[in-house]
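Read the structure below first, then the notes.
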Amino acid sequence: MRWKLLAFAIGNNRRFANMSSKLGTWQNDDEVIRRVLKESKTIALVGASKNTARASNHVMSAMQQMGYKVIPINPGLAKQNEILHGEKVYPDLQSVAAEYTVDMVDIFRASNAAGQFVDEAIAIGAKSVWLQLGVVDEEAGKRALDANLLVVMDTCPLMVAPAMGISGPD
């Protein structure tokens with residue numbers, strides 16, 4: 001419940017393009033955010049957790065309720081053959097890409113680890129990368145842009161979608 005309140009509180013602040021000072025020179029673009037949220041149907045969520053107190057767990061569930069197919073990625077849980085919110089947990093993006101076309105890679109990892117997953121997103125042909133709230137890697141963002149991916153960082157789709165009037169994919 002607390003994540004829903006947080007999402008409402010921040011999501012209704014229409015200044016989400018520049019919500020954080022952590023972005024440095026990076027600037028999110030509202031139109032890019034809108035395109036990613038409307039055009040993405042299949043999301044690979046890196047850093048998925050079965051711990052219901054974790055943001056990744058709540059965001060996965062909420063994004064599924066909005067109509068997105070969200071595929072969890074967590075090597076430890078994949079070794080245990082876990083199912084999370086009705087979806088098989090995969091060990092890595094390559095394993096997901098062998099079975100699905102990934103539109104968005106949603107990254108719930110520390111900033112210093114995010115670049116690896118951005119590079120993997122590029123390698124599997126994802127259409128976009130979304131670095132979650134508090135996750136910033138401008139160099140990785142530039143690599144993704146150079147590879148023609150849409151890029152959003154340091155915000156949460158669950159927070160910005162309601163503020164933009166987006167209830168799910170087209």
Notebook entry, point to check: Considering segment 137-167 alone, what residues qualify as being part of a helix (DSSP H, G or I), in contact with a helix residue (DSSP H, G or I) (Cβ under 8 Å, 6 or more places away or on another chain) and of a type in the set (A, V, I, L, M, F, W, C)?
Noted result: Ala140, Ala144, Leu158, Met159, Val160, Ala161, Ala163
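Of the residues that sit in segment 93-105 and are open to solvent by 50 Å² or more (accessible area, probe 1.4 Å) and within 18 Å of the chain's Cα centre (by Cα), which one is farthest from Ala123 (Cα to Cα)?
First, pick out the residues of segment 93-105 that are open to solvent by 50 Å² or more (accessible area, probe 1.4 Å): 94, 98-101.
If we keep only those that are within 18 Å of the chain's Cα centre (by Cα) too, we end up with 94, 100-101.
On the way: Gln94: 8, Tyr100: 14, Thr101: 12 Å.
Here the residue is Tyr100.
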Checklist line | Long-range neighbours under 7 Å by Cβ, at least six apart or interchain, first residue under 20 Å from Asp154 (Cα atoms) within segment 46-61, second open to solvent by less than 50 Å² (accessible area, probe 1.4 Å) and of a type in the set (Asp, Glu) | finding: Val46/Asp106
Checklist line | Every residue from segment 137-170 that is open to solvent by 70 Å² or more (accessible area, probe 1.4 Å) and more than 23 Å from Asn57 (Cα to Cα) | finding: Glu139, Lys142, Arg143, Leu145, Asp146, Asn148, Asp170
Check: Restricted to segment 58-67, and to residues that are open to solvent by 10 Å² or more (accessible area, probe 1.4 Å) and out of contact with any Leu (no Cβ under 6 Å at 6 or more places or on another chain), which residue is nearest to Gln132 (Cα to Cα)?
Finding: His58
Check: Name the residues in segment 39-55 that are crowded, with 24+ Cβ neighbours inside 10 Å and either farther than 23 Å from Lys127 by Cα or under 10 Å from the mean Cα position of the chain (by Cα) (or both), would you?
Finding: Ile43, Ala44, Leu45, Val46
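Output the residues belonging to segment 131-151 that are among the β-branched types (Val, Ile, Thr) and out of contact with any Leu (no Cβ under 7 Å at 6 or more places or on another chain).
Quick first cut of segment 131-151, residues among the β-branched types (Val, Ile, Thr) only: 135-136, 151.
The one that is among the β-branched types (Val, Ile, Thr) and out of contact with any Leu (no Cβ under 7 Å at 6 or more places or on another chain): Val135.
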Next item on the list: Scan Val152, Val59, Val136 and give me the residue that is under 18 Å from Val36 (Cα atoms) and touching a Lys or Arg at 6+ places or on another chain (Cβ under 8 Å).
Entry: Val136
Note to self: Can you say whether Met1 is open to solvent by 40 Å² or more (accessible area, probe 1.4 Å), at pLDDT below 95, farther than 25 Å from Asn112 by Cβ and not acidic (Asp, Glu), as far as the supplied structure shows?
What the structure shows: yes
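The values are calculated or read from the model by the stated rules, or taken from the named source; none is laboratory data. In this text, all values refer to a predicted model and were calculated from it rather than measured experimentally. So basically every Cβ, Gly included, is an ideal-geometry build from the backbone, and we count neighbours across all protein chains shown. These accessible areas exclude ligands, DNA and RNA; they are computed on the full protein's heavy atoms, side chains included. Shrake-Rupley method; radii C 1.70, N 1.55, O 1.52, S 1.80 Å.
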